[in-house]
Amino acid sequence: MSGARDRSSHSDGGKMPEQAARNSFGPPSTPSALARVISVFRREFATYFATPVAAVFIVMFVAIAALLSFQMAGLYTRGQADLRAFFQWQPWLGMLFMPALGMRLWSDERRSGSIELLMTLPLTTRDMVLGKFLAAWAFACVALLLTTPLWITIAWLGEPDHGVILAGYLATAMLFATLLSVSVCLSACTRNSVVAFVLSVAACFVLLLTGFSIVQDFFAQWSSKWVIESLASMSAMTHFNGLTRGVFDARDVLYPLSVVFALLWVNVLLLDWRGSQ
Amino acid sequence: MPANLIQATGLRKSFGTLAAVRGIDLCVARGHVLGFLGPNGAGKSTTMRMLTGFLQPDAGTVNIAGIDLAMNPLGAKRNLGYLPEGAPAYGEMRVEEFLAFTARARGYRGAEVARRVHSAVARVHLQPCRGQRIETLSKGYKRRTGIAQALLHDPPVLILDEPTDGLDPNQKFEVRQLVRDLGKDRAIILSTHILEEVEAVCTRAVIINHGRMVFDGTPKELDARVPAGVTHNRLDHIFRTLTAANSKERA
């Protein structure tokens, strides 16, 4: 058999096999790519709520976000009607919480053997990766949405710039997508969820840290300005900070989109490569 | 629809330096149930994984209902029902939710999902635990859930990896009866360690050892190879003879 088989790259085939597939058995037609992604998305999203994961994750995320904003960053005592104290902690919360969401997505499938069932359903690898990623991201966005009472409180106490706060929420959602794509990709590399979690936290930490002056100062001692600027532009933190300040720069939006796209593509390649091993 | 619903030619697969499957040809026509036999590690599961598209062969082709699995994997998989070894499923899901997921993934929508789930549940007698979480099911019901998802879309081709493993005698009888009924208008490959299952269910038997086919014939032809004088465990005797001879040749 030709080694060029790629589960992801095949759509629904040509006309002749299609006609052969239509017989007295089986479904009358091939579902669209969107319908296939939705079927995976539904199962994954429902799984969070079928287990204690949803309750534990949401309660802990909202509680820790509120605690950090009030106790560590003085959300109310600063005397400013904004949510900067809340947003400044989101990268660090995301660094821990997104790997917790993404770690089991592929490792559990491999450990339990259900990957064999999933991979032999009429779905492409792309459908599965996209459905799983979108379900985890949608769940993270639900947790993020549940922090909006902070926004309502600030709006009630003062006159915040709602545009900046909205941009902050969108930036956080995009940052979460970036960190989640790292975690989902690493989850495909191991059948052990704990290993996937630790690797993901480390990778997310590096992705955030390269934007910090302490790292850039370290490199500044012996490398060129070009290296330092490249490091800063590769950091999720740099682009996140840009957006949360309410300054729109297309690069800050393109960065998370391109990282997510690239890592999901790598995830598809990893799974297809494993199928050929 | 072609005469042979399952057609595999020259299948080969190696894992590193280990050659698991060394050139297997199989064809199964509608109305036939092929018993796939072999000792542990003979390459049965690897062959089945290649037939279902889970593993890519190093060489060889697979056609399911006339569709090339490599050229049109989605089209081929739509015509295939597969019960993997150990009947893995999503433990946290309830039986009906799990079956509904596989129905949607196979392209059913709306009321048709419920109709298909209902029909599959009834077919394998899963009614008592249709609302139960899969992780809480007994081994027998878990396997029936796996068989239900494989049958749900009424596929012309069924590949069942040890469907009766771990079942009690009553459950084994029921599954064998079901496979016999299904085999009347389908092509089925069933792997097993139990030789009496081949006699009870299969129209053809294939024995593989060290990744090569060492026997291909009807259960009667297999039985005819039993030396005179052997009266007990007749098929077990010929199975041991065939696989031991092959192992000696390799040595």
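For segment B:176-203, the tally of residues that are touching a Ser or Thr at 6+ places or on another chain (Cβ under 8 Å) and open to solvent by less than 10 Å² (accessible area, probe 1.4 Å) stands at 5. Restricting A:Leu270, A:Leu208, A:Leu254, A:Leu231 to those that are assigned to a helix (DSSP H, G or I), within 30 Å of A:Gly163 (Cα to Cα) and in contact (Cβ under 8 Å) with a residue 24 or more places away in the chain reduces the list to A:Leu208.
The condition of being modelled with pLDDT under 90, open to solvent by 30 Å² or more (accessible area, probe 1.4 Å) and either of a type in the set (S, T, N, Q) or not in a strand (DSSP E or B) (or both) holds for only one of B:Asn63, B:Asn40, that being B:Asn40.
Checked against (1) on the phi > 0 side of the Ramachandran plot; (2) part of a helix (DSSP H, G or I), A:Ser200 passes all but a single condition, namely (1).
Restricting attention to segment B:96-131, the residues that are hydroxyl-bearing (Ser, Thr, Tyr) and in contact with a Ser or Thr (Cβ under 7 Å, 6 or more places away or on another chain) total 0.
Looking only at segment B:44-59, filter to residues that are open to solvent by 10 Å² or more (accessible area, probe 1.4 Å) and of a type in the set (Gly, Ala, Ser); which one of those is nearest to the other protein chains (Cβ to nearest Cβ)? The selected residue is B:Ala59. Within segment B:72-90, the set of residues being assigned to a loop (DSSP other than H, G, I, E, B) and more than 7 Å from chain A (Cβ to nearest Cβ) comprises B:Glu85, B:Ala87.
Within segment A:235-242, does at least one residue satisfy the condition of being surrounded by fewer than 17 Cβ atoms within 10 Å (Cβ to Cβ), closer than 15 Å to A:Met174 by Cα and small (Gly, Ala, Ser)? No, because not a single residue in segment A:235-242 is surrounded by fewer than 17 Cβ atoms within 10 Å (Cβ to Cβ), closer than 15 Å to A:Met174 by Cα and small (Gly, Ala, Ser).
The values are calculated or read from the model by the stated rules, or taken from the named source; none is laboratory data. What you see is a predicted model; the values in this text were computed from it and never measured. Every residue, glycine as well, gets a Cβ built from its backbone with ideal geometry; the counts of neighbours run over all protein chains shown. Ligands, DNA and RNA are excluded from the accessible area calculation, which covers all protein heavy atoms including side chains. Shrake-Rupley method; radii C 1.70, N 1.55, O 1.52, S 1.80 Å.
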